[in-house]
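Report on the structure given below.
The values are calculated or read from the model by the stated rules, or taken from the named source; none is laboratory data. Everything quoted here is computed from the prediction, not taken from an experiment. Note: ideal-geometry Cβ built from the backbone for every residue, glycine included; neighbour counts use all protein chains shown.
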Amino acid sequence: MRDVLVTGAGGQLGTELRRARWPENVRIVAIDVSDLDLTDTDAIAAKIAEREWAAVINGAAYTAVDKAESDLVTAWAVNAMAPAAFGKACAKAGIPLVQVSTDYVFAGDKAGAWEVDDPVAPLGVYGASKLGGELAVRTSGVRHAIVRTAWVVSAHGANFVKTMLRVGATNPALRVVADQHGSPTSATDLADALLTITLRLIEDEQAPTGTFHFSNAGATTWADFAREIFRQSALRGGASAEVEAITTADYPTPAQRPANSLLSHRAIGDAYGITPRDWDVALSDILDELIGASVVVATETQV
């Protein structure tokens, strides 16, 4: 039996990693903050040393983007120092580390999808701390895969899809930002991609390493994403609301968001043969779980 340590057990990704179809000889040991304090680097080292792990997937992070602007010490501890500790401990143990990162490492000022080797220039504490985690892993000597993702949604936890359904149930119209572009990411699909990468790293010491991007395919905006959520929700008898497009300036936040979060899938496709499905198809599966299958109205065709 091969044990894979997964952090962030209670989050969207951690939930889906636990639900993913791992081989029978792979056992997922998923832990959360109650099991391991990610601000304690000695505890991280002890956790890695406590048994012969096959691999580690660090899916935990400080993701409160706006709060990070004032809580930068904790953000850096969780997002940078914890990956550094995992990298050092995993390198010592001779096991691979899969580190989950974010589109926020980019400035968001590029036209078109971001490639893995494009210049990084985070706009705030969250992105800077996640970039710090990337650099720590790269320089630790551990065999690794860093997987950047964006706009993660699922039927679990707090995310944009669930927020839209909740707010749309009591409000006939919503104002949503329309000048931020990207691709939503199903946590289920991200978990499957990480499963593929992790198994390759376990089984093949020559498996590709480095930095990769994963999101679902296709570009949209938050406003158009909301419209599609409500369109598909209405087909299932769920919440529906009108969406008014606004600008980022109309909705100021403590942390600056990237205007373009679109991620290229070239590297992950070349290295691992992973081709993401379209985001609206992935959304359908999420809504099936949250609301139920869409209602199909049959009409008799007159000949």
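Points worth noting:
- Filter result (of a type outside the set (G, A, S) and in contact with a Phe, Trp or Tyr (Cβ under 6 Å, 6 or more places away or on another chain)) within segment 261-285: L263, I268
- Search result, residues across segment 119-155 that are among the β-branched types (V, I, T), assigned to a strand (DSSP E or B) and touching a Leu at 6+ places or on another chain (Cβ under 7 Å): V147, T149, V152
- The combined condition, being in a helix (DSSP H, G or I), over 19 Å from the mean Cα position of the chain (by Cα) and either buried (at least 21 other Cβ atoms within 10 Å of the Cβ) or modelled with pLDDT of 95 or more (or both), is not fulfilled by L195.
- Residue within segment 169-179 that is acidic (D, E) and not in a loop (DSSP other than H, G, I, E, B) present: no
- Here Q206 fulfils each of the conditions (1) in contact (Cβ under 8 Å) with a residue 40 or more places away in the chain; (2) surrounded by fewer than 24 Cβ atoms within 10 Å (Cβ to Cβ); (3) not acidic (D, E) apart from (1).
- Check on G124, buried (at least 18 other Cβ atoms within 10 Å of the Cβ), at pLDDT 95 or above and closer than 25 Å to T220 by Cα: yes
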